[in-house]
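The values are calculated or read from the model by the stated rules, or taken from the named source; none is laboratory data. The shown structure was predicted, so the numbers you read here are calculated from the model rather than taken from an experiment. In this analysis, Cβ positions are derived from the backbone assuming ideal geometry, glycine residues included, and neighbour counts consider all displayed protein chains.
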Amino acid sequence: MSAPAPHSGRRSLLLILPLVTFAVLAGAFFLRLRSGVDPAALPSALVGRPVPDFALPPVEGLASADGKPVPGLSSADLKGVVTVLNVWASWCAPCQVEHPMLMRLAREPGIRLVGIDYKDAPEKGRAFLAKHGLPFQAVGSDVSGRVGIDLGVYGVPETFIIGPDGVIRDKLVGIVTPENLKDVLEKIRRAGQVASAR
């Protein structure tokens, strides 16, 4: 009678381990889906804190419909009124899907919408806005991505709701959609109320 091969136990373990790992991950994913937690609601260490200091140049050559240059963006510009800051890029497919909702948001009375063109060539950002429309009152060009890192951007698009005091009140990771627009508008309204209550 021959002895079992010394590697047969190890081989069995190598076959079972991926299945066990998959089962654990699938179970965790299923539980997260069933929990009702919004997967776009990633925590941000900056919510409740002032926007980090920054000053970004404008997207070179970007002009509004009346031919006026669209200004760049700085943290100082994010004070005085509730501001919605959208971080986007021309190379971002979800940004193209979201853009009609930003155009709609820009038409809402009393909302100041600004943008950061993230890790993008200015000519590509300019072409994107020429094709899809310009919803922003100001657009900063963050070619290096440094400001995005300081804001804790996970990936574009991301939207920040900033109170008149320059404090980040909320953050949306992912796109603004027809389904979540009402919720976004409510968060913008609350950001104004929080500031006025102080």
Seminar exercise, completed: Residue hits (the stretch 99-119; within 11 Å of the chain's Cα centre (by Cα) and touching a residue at least 40 places away in the same chain (Cβ under 8 Å)) are 115, 116
Problem set entry | When residues of the stretch 143-170 are limited to those that are within 22 Å of residue 82 (Cβ to Cβ) and among the charged types (D, E, K, R), the one nearest to the chain's Cα centre (by Cα) | 158
Problem set entry | Filter pass, residue 78 being touching an Asp or Glu at 6+ places or on another chain (Cβ under 6 Å) and either at pLDDT 70 or above or surrounded by 10 or more Cβ atoms within 10 Å (Cβ to Cβ) (or both) | no
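Conditions tested, residue by residue: (1) of a type in the set (A, V, I, L, M, F, W, C); (2) at pLDDT below 95.
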{"residue": "45", "(1), (2)": "yes, yes"}
{"residue": "63", "(1), (2)": "yes, no"}
{"residue": "74", "(1), (2)": "no, no"}
{"residue": "91", "(1), (2)": "yes, no"}
For this session: Please indicate, with yes or no, whether at least one residue in the stretch 128-149 is surrounded by 22 or more Cβ atoms within 10 Å (Cβ to Cβ) and either β-branched (Val, Ile, Thr) or not assigned by TED's automatic domain parsing to the domain that holds residue 66 (or both).
Result: yes
